[in-house]
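Participant: Questions regarding the structure given below will be posed in turn.
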Protein chains: 2
Amino acid sequence: MNNLFSNIPDDLPDELLETVLDTGSVRVERIVSHGHASPESFWYDQEQHEWVVVLTGAARLRFEDDDEFVEMGPGNYVNIPAHKRHRVEWTTPEEPTVWLAVHYG
Amino acid sequence: MNNLFSNIPDDLPDELLETVLDTGSVRVERIVSHGHASPESFWYDQEQHEWVVVLTGAARLRFEDDDEFVEMGPGNYVNIPAHKRHRVEWTTPEEPTVWLAVHYG
C-alpha cells in the first residue's frame, strides 16, 4: 500500500488499522471504518498523544471530560492529548471513513 | 484552520505552508501548491526525514540520485529520508494540490 485510498476491502467486518510509518518516536497509521463505532461504554485512554484527521467519510468523536461531541468530515482534524478519554460514537455507513492518525510523544 | 481543505486562497502566488502540529520531535505541515514547482536547478536537502502524502490534486516529485520521477495523486505517499535530494517538478494548474507532510527525526 502506497496509497491511503487503495486496498480498501468491500467487506469490512472490523476496522482496518495499518501502520504506514513507524520511527520509534512517531507512528503514522491509516484507519478505515465503515459504520463502525467504539463498543458500548468503551473509552480510549492512550499513552501517546494522537493527531488525527478524517480524509474521506464522516465520523463523530466523543470526549468524556466535558461530554463533548465533535463532528468530523473530510479534512477535519483534532489533536487528542494522551489520556484524554474519547470514543468513536459513529462513522457513516454510506462509505468508508479513512482516517490518518499521527501517534507521538 | 482545523480543516485541511478549507482556507485555501483563490489566488496563490506562492505555495502556502502552515504548521498544524509541532511537538519538537515531529512537525505536521499542510502545503498547498497550485501549479507551483521548485525553482530551476533547486533541490531540497533536508535535515529531517519527511513522510508526505498528496490529498488532492496531482504532483510530480523528482529524486536526484537515480533521477527518478514519482507521480503523486490523491492518497499517494512517499517517505523521503533526510538529505535525499529531491524537488517538486510539477503540480497541476487545474486545482490546488494539498499535501500533508510529517517531518521527523
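We did not get these values from a lab; they are worked out from the coordinates using the rules stated. Since the model is a prediction, treat every value here as computed from it, not as a measurement. Neighbour counts run over all protein chains shown; Cβ positions are idealised from the backbone, glycine included.
Participant: Quick one: if the Förster radius is 35 Å, what FRET efficiency do residue B:83 and residue A:66 give, using the C-beta to C-beta distance and rounding to 0.05? Show your work: numbers first, answer last.
Facilitator: Values: r = 45 Å, r/R0 = 1.28.
Efficiency, rounded to the nearest 0.05: 0.20.
Participant: Here's another thing I want to ask about it. What is the distance in Å between the Cα centroid of the range A:52-105 and that of the range B:55-105?
Facilitator: A separation of 27 Å, based on Cα centres.
Participant: While we're looking at this one, here's another question. May I ask you to derive the relative contact order of chain B, considering only C-alpha pairs under 8 Å and at least 6 residues apart, and to give it as an integer percent?
Facilitator: Rounded, it is 35 percent for chain B.
Participant: Now a separate question. Inter-copy label distances at residue B:8, 7 Å along the Cα→beta-carbon direction, one decimal in nm, shortest first?
Facilitator: 1.8
Participant: Return the long-range amide H neighbours of residue B:82 (sequence gap of 5 or more, or a different chain), with a cut-off of under 5 Å between placed amide H atoms.
Facilitator: B:49, B:50
Participant: Around residue A:21, which amide H atoms from residues at least 5 apart in sequence, or from another chain, sit under 5 Å from its own amide H, with H modelled in the peptide plane?
Facilitator: So residue A:21 has HN proximity to A:28.
Participant: Comparing A:41, A:25, A:33, which has the greatest mean-square fluctuation in the GNM of chain A with Cα pairs linked when under 10 Å apart?
Facilitator: In the Gaussian network model the winner is A:41.
Participant: Under 5 Å between amide hydrogens, which residues at least 5 positions from residue A:56 or on another chain qualify, with H placed 1.01 Å from N in the peptide plane?
Facilitator: A:98
Participant: Let me ask something else about it. Between B:92, B:23, B:56, find the one with the highest GNM mean-square fluctuation for chain B; connect C-alpha pairs within less than 10 Å.
Facilitator: It is B:23.
Participant: Using θ = phi - 60° and the Karplus curve 6.51 cos²θ - 1.76 cosθ + 1.60, what whole-Hz ³J(HN,Hα) does each residue of the range A:51-61 get, with Gly and Pro shown as x?
Facilitator: For the range A:51-61, the Karplus curve yields 9, 9, 10, 8, 9, 9, x, 7, 8, 10, 9 Hz.
Participant: Using the Karplus curve 6.51 cos²θ - 1.76 cosθ + 1.60 with θ = phi - 60°, what ³J(HN,Hα) values do you get for each residue of the range B:80-89, in whole Hz, with x for Gly and Pro?
Facilitator: After applying 6.51 cos²θ - 1.76 cosθ + 1.60, I find 10, x, 3, 6, 7, 6, 8, 8, 8, 6 Hz.
Participant: Evaluate the relative contact order of the range A:1-59 (contact order divided by residue number), counting alpha-carbon pairs under 8 angstrom at least 6 apart; express in whole percent.
Facilitator: Taking the mean separation of contacting Cα pairs over the length of the range A:1-59, I get 23 percent.
Participant: From the backbone phi of the range A:39-50, what are the Karplus-calculated ³J(HN,Hα) couplings (6.51 cos²θ - 1.76 cosθ + 1.60, θ = phi - 60°) in whole Hz, Gly and Pro given as x?
Facilitator: x, 3, 6, 7, 10, 5, 9, 9, 5, 9, 6, 9
Participant: Can you give the average number of partner chain beta-carbon atoms within 10 Å of each beta-carbon in peptide B:18-30, as a whole number?
Facilitator: Values: counts 0, 0, 5, 6, 0, 8, 2, 5, 10, 0, 9, 0, 3.
Mean inter-chain Cβ contacts per residue within 10 Å come to 4.
Participant: Moving on to the next point. Could you work out the relative contact order of the range B:50-102? I mean the mean sequence separation of Cα pairs under 8 Å and 6+ apart, divided by the number of residues, in percent. Each step should come with its number before you reach the end.
Facilitator: Numbers: 113 pairs, mean separation 27.6, N = 53.
With pairs under 8 Å counted, the relative contact order is 52 percent.
Participant: Another question, if that's okay. Evaluate peptide B:83-90: per residue, the Cβ atoms of other protein chains within 10 Å of its Cβ; return the mean as an integer.
Facilitator: Whole-number average of other-chain Cβ neighbours for B:83-90 is 0.
Participant: Towards the positive end of the charge dipole of the protein assembly as shown, with charges on Cβ (+1 Lys, Arg; -1 Asp, Glu), say which of B:57, B:93, A:101 has the farthest Cα.
Facilitator: It is A:101, whose Cα lies furthest towards the positive end.
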